[in-house]
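Reading through the structure tokens given below for one structure.
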């Protein structure tokens with residue numbers, strides 16, 4: 001089985017620069033860099049969709065929005081558990097007072 005080649009953030013930014021700033025076509029840039037032209041197209045698209053400095057973060061590196069969303073989901077889960085515990089406690093104490 002072949003392993004996937006991984007490219008550094010710097011390499012990807014240089015490839016995107018060739019296409020966007022220096023006027024190379026994707027095909028010409030892919031020939032010069034010896035990578036698939038579809039890959040360069042994907043890198044250009046990702047670069048254009050992301051905020052400055054957020055493109056090509058690498059595995060496991062989240063944007064600030066993703067980090068906030070993750071922490072909010074954890075908080076919501078915690079609050080739901082606490083709410084369920086309080087409901088059960090209310091039922092328990094209501095039965096004891098009768």
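Results, tabulated for the structure shown:
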{"quantity": "Qualifying residue in the range 78-96 (condition: out of contact with any strand residue (DSSP E or B) (no Cβ under 7 Å at 6 or more places or on another chain), at pLDDT 90 or above and surrounded by 11 or more Cβ atoms within 10 Å (Cβ to Cβ))", "calculated": "no"}
{"quantity": "Verdict on residue 39 being closer than 30 Å to residue 12 by Cβ and modelled with pLDDT of 90 or more", "calculated": "yes"}
{"quantity": "Top-ranked residue in the range 7-28 [being in contact with a helix residue (DSSP H, G or I) (Cβ under 6 Å, 6 or more places away or on another chain) and more than 12 Å from residue 43 (Cα to Cα); ranked as surrounded by the most Cβ atoms within 10 Å (Cβ to Cβ)]", "calculated": "24"}
{"quantity": "Filtered residue count, the range 42-60, keeping only those that are modelled with pLDDT under 85, at negative phi and surrounded by 11 or more Cβ atoms within 10 Å (Cβ to Cβ)", "calculated": "4"}
{"quantity": "Unmet requirement for residue 4, which otherwise passes all of (1) over 18 Å from the mean Cα position of the chain (by Cα); (2) surrounded by 15 or more Cβ atoms within 10 Å (Cβ to Cβ)", "calculated": "(2)"}
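The values are calculated or read from the model by the stated rules, or taken from the named source; none is laboratory data. These numbers come from a predicted model, not from an experiment. All Cβ positions, glycine included, derive from the backbone under ideal geometry; neighbour counts span all protein chains shown.
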